[in-house]
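Student: Structure in structure tokens, see below.
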Amino acid sequence: MAKNLVIVESPAKAKTVGRFLGNGYTAKASMGHVRDLPKDKLSVDVEDGSFKPKYGVLPDRRKVVTELAEASKDAETVFLATDPDREGEAISWHLLYAAHIDQKKTKRVVFHEITQEAIREAFANPRELDTRLINAQQARRILDRLVGYQLSPVLWKKVRRGLSAGRVQSVALRLIVERHQEHIQFVPKEYWTIEALLAKGQEDDKQARFEAKLFGLRGDKRAVEIPNDTHAGQLIADLEGAAYRVESVQTRETHSRPSAPFITSTLQQEAWRKLHFSARRTMLIAQQLYEGLPLGDEGSVGLITYMRTDSTNVAHSAVNEARHFIQRTYGTQYVPHTPRFYTRKVKGAQEAHEAIRPTSMERQPAVVRRFLTDDQAKLYELIWKRMLASQMPDALFDATNAEIQAHSAKSNKDYAFRASGSVLKFPGFRAVYMESLDEAENGQANGEEGGPLPPLVQGDVLACLGLNKEQHFTQPPPLYTEATLVKALEEKGIGRPSTYATIIATITDRDYVNKDKGRFVPTKLGIAVNGLLTAHFPEVMDIGFTARIEEELDDIAAGEREWQPVLKEFYDPFHRSVGKAMTEAQRVPRDQIDEQTDEVCEKCERPMVIKSGRFGRFLSCSGFPECRNSKPLMMRTGVECPEDGGELVQRRQRGKGKTFYGCANYPNCKFAVNTKPLPMPCPECGKLLVASGKENARCTACQYKGPIPEAEPAVAAV
């Protein structure tokens, strides 16, 4: 009897799904997308306004497609089990046409976690392909092709050959450039603060000491402004010998609520804050945890639910499991009276989906750690703790605020000081997990505002042990990190969960931005590209417009709009702008895009600059053409070193000219490989993959050899 064929994206996922289905099924991997718009031409019919795409099988997927076509002929039923989102729906649709699969014997199955129960439920309830989701993904792909294919030639002519631009990534670049401009143009404003060290009772009792900050004059709701040292000195002189007494004391109970389980954006943010993982690294590891890893006698099993989601919804069964685990481990007082459920009032959020959570709370991080790599164990523990904490009670604090009067006999003024503190009464969810804060949020208390104050009551006389003045300057808006950029993209509606990592990776790989101590800084090239695009394509670069496009794509997915009219509304004015920019935009001078370096020309001692030519980026003397000295540049790959997390860069052996790839942190890290490293992990063990020919890859750690797998859904290049 013919077996049923199940098609998924990766070998790891095929292995896990196949184990749960048993002997009656054969699971095979498509290795991601099998069909796309060919790169050598527009591949979209724009002349008649139909925007009909002309797809072709990807060259490195032809062998896979042939194998799937043969397997489908002998199968009784073909189950398309690609990922549960628009991208997965489109991959299944492309498979039908690329492999010529008989649609009459085809069924679509969807699951958000790869466990026995979820697989059984999905295969018991198959459905047809959802054309609405397919059309939404198709519209996005065509839209990105139209933008990238027509914007890029403008950059070639006006900036430099070989550049590219994209609809979403270019807007992300604009955010980084504008934040950098705000940062460097910021003019700090000086201000001072004054604090009094006060004591109640015995002055030598350190427990009775506390600090209070000068707020203003008693009865005046306006805060005092202290612009300089002179003014601060005058205030301290007037406060010398002042009489201090407690004016009022208020103590109230405050709550700190746990955060919702992770969605894609919050996972990327928190993985950056706590683990310093890039968005791309986070998603690669999460994919491994989702698709399944061998856990000893238990076999291969998916450890987390689907990692591309914007929903905080959690299945009732998972909530109940977490509550039972909490009660058994921490006690009844750590279980809220009613379960916690989280919702997001965001247009386009897929509430039918689930948040990112462990497939079983019983698989505790300490238990599964021995089966995981270090990165996998760290990310899994983060997801596990976040889910557990989300079902625990609030942390409780006693927060105390004291108003203190200081009477100056010199000026007969009554100054107002304020002191605050809090005491943790009940840790609640903090017994398991606390969310980290971004740099801009560090001044915000997470339910507590400092140490405890001594017992104070109205009328208490206080001793002043000293006055301290301190200089401050207002701070510029911080440059974006991986975490804050992802947060901004989500808040502004730029892109979708599946695209954040790719957006960041693309603008980095294109040398439009660099990282300085973990913060994004635009290169001169990035600034020039952004300036040209913003000036001549204001609508494409408009943040609000980009967000509206995302909403229209959501409307297509919901069946509320047709995809062709959406494309036509965008394309006609955009195409006119392209033609206008080709004739009117001024060419960017070379000195505005050549990057300065600290390296000095050994021939004439002038600074070396980074330039680009037909063979890529290289170092050249800034004295060209008088001095023609040049040499290869250490080329970036965007791939992280498996030993210390540094970037792998292209190097050349001295005297031999042979190319190899080593860690940028050399000599502290001496990891190196002879062939080009790839940005996606090994589908078998999750380790580093390197190229093996044009279409294949091999693992540096295990025996895997095969087609290059896809790391992320296809997104138009910047």
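Student: When you go through 120, 140, 161, 145 one by one, which is the residue that is open to solvent by 40 Å² or more (accessible area, probe 1.4 Å) and in a helix (DSSP H, G or I)?
Tutor: 120 is the lone residue from the list that is open to solvent by 40 Å² or more (accessible area, probe 1.4 Å) and in a helix (DSSP H, G or I).
Student: Shifting gears a bit: Just to be sure before I move on: is residue 170 surrounded by fewer than 22 Cβ atoms within 10 Å (Cβ to Cβ) and assigned to a helix (DSSP H, G or I) in the structure I sent?
Tutor: Here the answer is no, as residue 170 does not meet what is asked.
Student: State all residues of segment 399-424 that are closer than 21 Å to residue 221 by Cα, out of contact with any Phe, Trp or Tyr (no Cβ under 7 Å at 6 or more places or on another chain) and open to solvent by 70 Å² or more (accessible area, probe 1.4 Å); if no residue qualifies, say none.
Tutor: 412, 413
Student: For segment 246-270, which residues satisfy the criterion of being acidic (Asp, Glu) and open to solvent by 30 Å² or more (accessible area, probe 1.4 Å)?
Tutor: Selection gives 247, 253.
Student: Also, quick follow-up: So, in segment 93-115, exactly how many residues are open to solvent by 30 Å² or more (accessible area, probe 1.4 Å) and among the charged types (D, E, K, R)?
Tutor: Residues that pass the stated criteria total 4.
Student: Failed condition for residue 660, given (1) modelled with pLDDT of 85 or more; (2) touching a helix residue (DSSP H, G or I) at 6+ places or on another chain (Cβ under 6 Å), with all others met?
Tutor: Checking residue 660 against (1) modelled with pLDDT of 85 or more; (2) touching a helix residue (DSSP H, G or I) at 6+ places or on another chain (Cβ under 6 Å), the one that fails is (2).
Student: I'd like the residue in segment 674-694 that is surrounded by fewer than 16 Cβ atoms within 10 Å (Cβ to Cβ) and touching a residue at least 60 places away in the same chain (Cβ under 8 Å) and, out of all such residues, is nearest to residue 278 (Cα to Cα).
Tutor: Ranking the qualifying residues of segment 674-694, first place goes to 687.
Student: Can you tell me which residues in segment 563-594 are open to solvent by 90 Å² or more (accessible area, probe 1.4 Å) and without any contact (Cβ under 8 Å) to a residue 40 or more places away in the chain?
Tutor: Answer for segment 563-594, where residues must be open to solvent by 90 Å² or more (accessible area, probe 1.4 Å) and without any contact (Cβ under 8 Å) to a residue 40 or more places away in the chain: 569, 576, 583, 590, 591.
Yes or no, residue by residue, for (1) under 30 Å from residue 252 (Cα atoms); (2) in a loop (DSSP other than H, G, I, E, B):
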residue: 311; (1), (2): no, yes
residue: 333; (1), (2): yes, no
residue: 339; (1), (2): yes, yes
residue: 342; (1), (2): yes, yes
residue: 361; (1), (2): no, yes
residue: 366; (1), (2): no, no
residue: 381; (1), (2): no, no
residue: 397; (1), (2): yes, no
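Student: Is at least one residue of segment 224-239 among the small types (Gly, Ala, Ser) and buried (at least 20 other Cβ atoms within 10 Å of the Cβ)?
Tutor: Checking segment 224-239: at least one residue is among the small types (Gly, Ala, Ser) and buried (at least 20 other Cβ atoms within 10 Å of the Cβ).
Student: If you check residue 91 against the conditions, is it of a type outside the set (Ser, Thr, Tyr), at pLDDT 95 or above, under 23 Å from residue 25 (Cβ atoms) and outside any helix (DSSP H, G or I)?
Tutor: no
Student: I would also like to ask the following. Can you tell me how many residues within segment 571-594 are farther than 20 Å from residue 153 by Cβ and hydrophobic (A, V, I, L, M, F, W, C)?
Tutor: Looking only at that region, the number is 0.
Student: Please pick out the residue among 243, 315 that is surrounded by fewer than 20 Cβ atoms within 10 Å (Cβ to Cβ) and free of Cβ contacts under 8 Å to residues at least 60 places away in the same chain.
Tutor: Working: 243 fails: free of Cβ contacts under 8 Å to residues at least 60 places away in the same chain.
Of 243, 315, the one residue that is surrounded by fewer than 20 Cβ atoms within 10 Å (Cβ to Cβ) and free of Cβ contacts under 8 Å to residues at least 60 places away in the same chain is 315.
Student: If you don't mind, another one. Quick check: is even one residue across segment 43-65 open to solvent by 50 Å² or more (accessible area, probe 1.4 Å), in contact (Cβ under 8 Å) with a residue 12 or more places away in the chain and within 29 Å of the chain's Cα centre (by Cα)?
Tutor: The answer is no; no qualifying residue exists.
Student: Looking at segment 602-620, can you tell me whether even one residue there is over 30 Å from residue 129 (Cα atoms), in contact with a helix residue (DSSP H, G or I) (Cβ under 9 Å, 6 or more places away or on another chain) and not aliphatic (A, V, I, L, M)?
Tutor: Within segment 602-620, one or more residues are over 30 Å from residue 129 (Cα atoms), in contact with a helix residue (DSSP H, G or I) (Cβ under 9 Å, 6 or more places away or on another chain) and not aliphatic (A, V, I, L, M).
Let's see how each residue does on (1) in contact with a Pro (Cβ under 9 Å, 6 or more places away or on another chain); (2) within 26 Å of residue 10 (Cβ to Cβ):
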position: 284; (1), (2): yes, yes
position: 302; (1), (2): no, yes
position: 307; (1), (2): yes, yes
position: 335; (1), (2): yes, no
position: 344; (1), (2): no, no
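Student: With the requirement that a residue be modelled with pLDDT of 95 or more and open to solvent by 50 Å² or more (accessible area, probe 1.4 Å), what does segment 185-210 give you?
Tutor: Listed by number, the residues that qualify are 185, 186, 187, 188, 189, 190, 191, 195, 197.
Student: Look at segment 515-558 and say how many of its residues are open to solvent by less than 10 Å² (accessible area, probe 1.4 Å) and touching a Gly at 6+ places or on another chain (Cβ under 8 Å).
Tutor: So the count comes out to 2.
Student: Pairs only if they're at least six apart or on different chains, beta carbon under 6 angstrom, first in segment 218-236 and within 11 Å of residue 194 (Cα to Cα) and of a type outside the set (Ser, Thr, Tyr), second modelled with pLDDT of 90 or more and assigned to a helix (DSSP H, G or I); list them, first residue then second.
Tutor: Sorted first by the residue in segment 218-236, then by its partner, the pairs are 226/232.
Student: Can you find, within segment 595-608, the residue that is nearest to residue 157 (Cα to Cα) among those that are open to solvent by less than 40 Å² (accessible area, probe 1.4 Å) and modelled with pLDDT of 90 or more?
Tutor: 608
The values are calculated or read from the model by the stated rules, or taken from the named source; none is laboratory data. None of these values were measured; they are calculated from a predicted model. Here Cβ is always computed from backbone atoms with ideal geometry, including for glycine, and neighbour counts include all displayed protein chains. With ligands, DNA and RNA removed, areas are computed over all heavy atoms of the protein, side chains included. Shrake-Rupley method; radii C 1.70, N 1.55, O 1.52, S 1.80 Å.
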